[in-house]
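Undergrad: What follows is a structure written as structure tokens; I'll ask about it next.
Derivation of every value follows stated rules applied to the coordinates shown; laboratory data play no part. Predicted model, so just to flag it, every value in this text is computed and none were measured. A quick note on method: Cβ atoms are made from the backbone with ideal geometry, for glycine too, and the neighbour counts reach across all protein chains shown.
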């Protein structure tokens, strides 16, 4: 087992018979650590992945629609609720938005711009809004208040 096989992330230098138990322990510990590192790298790569042209276009359309509809004074909780509502359902928006692909990244970019424009928060990066959506999804029995989101943007 001194060479790397298919499906392994690490190698073991030598598994001498008298070191077999401890050698296996070291090997599998290294394998687990390498796997965790690989998972963390792939997650950070996903979070910082640049948007495609269609996603940028969708974010611009959504921003232009929402910035006109939202009141000038907003609280961060209202903005978060609207973001979570749009993440769960697009029924709040007009029909021409139903065909758009609105991803977590598109919502993050859109709401980052809205937060800065409406002076709700300081310049925040899109990862912060992605983390807000993830945190919202991790909470138990917590649903967005869709009716409040409808009232906020003035659709019924």
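Undergrad: Which order, highest average first, do 100-107, 66-73 follow once you tally other Cβ atoms within 10 Å for each residue and take the mean per peptide?
TA: In descending order of packing, they fall as 100-107, 66-73.
Undergrad: A further question on this structure: Between residue 65 and residue 37, what FRET efficiency follows from the Cβ-Cβ distance if R0 is 30 Å, with the result rounded to 0.05?
TA: 0.10
Undergrad: Highest mean first, what order results for 82-88, 33-39 on Cβ atoms within 10 Å?
TA: By packing density, highest mean first, the sequence is 82-88, 33-39.
Undergrad: Relative contact order (percent) for the range 53-153, with alpha-carbon contacts under 8 angstrom and 6 or more residues of separation?
TA: Values: 95 pairs, mean separation 40.9, N = 101.
That works out to 41 percent.
Undergrad: Apply 1/(1 + (r/R0)^6) to the Cβ-Cβ distance of residue 135 and residue 29, taking R0 = 22 Å, and write down the FRET efficiency to the nearest 0.05.
TA: Given R0 = 22 Å and the Cβ-Cβ separation, E is 0.10.
Undergrad: Report the FRET efficiency, 1/(1 + (r/R0)^6), for residue 57 and residue 116, where r is their Cβ-Cβ distance and R0 is 25 Å, rounded to 0.05.
TA: On the way: r = 20 Å, r/R0 = 0.79.
Working from the Cβ atoms, E equals 0.80.
Undergrad: Shifting gears a bit: Could you quote the convex hull projected area for the range 53-153, Cα atoms only and averaged over all directions, in nm²? Spell out each step's value before the answer.
TA: Working: hull surface 24.2 nm².
Average projection, Cα convex hull of the range 53-153: 6.0 nm².
Undergrad: Go ahead and collect, in residue order, the members of the range 87-119 whose backbone nitrogen is under 13 Å from a label point 7 Å along the Cα-Cβ direction of residue 128.
TA: 109, 111-119
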